[in-house]
Amino acid sequence: MTQGSEKRARTTHITIRLTPEERAAIDSAAERAGLTSGSYARSAVLGAPTPRQVRRPPVESQELARLLGEVGHVGGNLNQLAHARNAGMAVARREIIAALDGLAAVCDAILAALGREP
């Protein structure tokens, strides 16, 4: 029985030298196109159509960085509520629901930034 790697049609490699800036430009363009660097380079060099199935959705790095801050904010709110409750203070149900709603909204936004259904 053959393994998956033995069934592949593309079996030869080509090596090119790039500056770090050139490599970063190729990687960035491939990410924006939702392709691996190899698929992007193959398409650019051969003029071949891109694969039917895009392997990676483009990721909005700035949006994810913003959402990371939101996760910290919501996490801080939840931590304050837990600390207050553990100290014996009353915590209003609406405060807990608001914090959990905020967490759900951030999760949905992260999924959307990753190109997935919320």
In region 38-56, residue surrounded by the most Cβ atoms within 10 Å (Cβ to Cβ) [restricted to those that are among the hydroxyl-bearing types (S, T, Y) and at pLDDT 70 or above]: Y40
Scope region 76-104; condition within 30 Å of E31 (Cα to Cα) and without any contact (Cβ under 8 Å) to a residue 24 or more places away in the chain; matching residues: A104
L35 being assigned to a loop (DSSP other than H, G, I, E, B), more than 30 Å from D101 (Cα to Cα), open to solvent by less than 80 Å² (accessible area, probe 1.4 Å) and modelled with pLDDT of 85 or more: no
Count of region 57-97 residues which are open to solvent by less than 100 Å² (accessible area, probe 1.4 Å) and among the charged types (D, E, K, R): 3
Every residue from region 58-75 that is among the β-branched types (V, I, T) and closer than 30 Å to A29 by Cβ: V59, V71
Total residues in region 9-32, condition modelled with pLDDT under 85, basic (K, R) and part of a loop (DSSP other than H, G, I, E, B): 1
Failed criterion for L111 (all others in (1) part of a helix (DSSP H, G or I); (2) under 22 Å from E31 (Cβ atoms); (3) open to solvent by 100 Å² or more (accessible area, probe 1.4 Å) hold): (3)
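The values are calculated or read from the model by the stated rules, or taken from the named source; none is laboratory data. Quick caveat: nothing in here was measured; it's all calculated off a predicted structure. Here the Cβ is made from the backbone with ideal geometry for all residues, glycine too, and neighbour counts use every protein chain on show. Accessible surface is based on the protein model in full, side chains and every heavy atom, while ligands, DNA and RNA are left aside. Shrake-Rupley method; radii C 1.70, N 1.55, O 1.52, S 1.80 Å.
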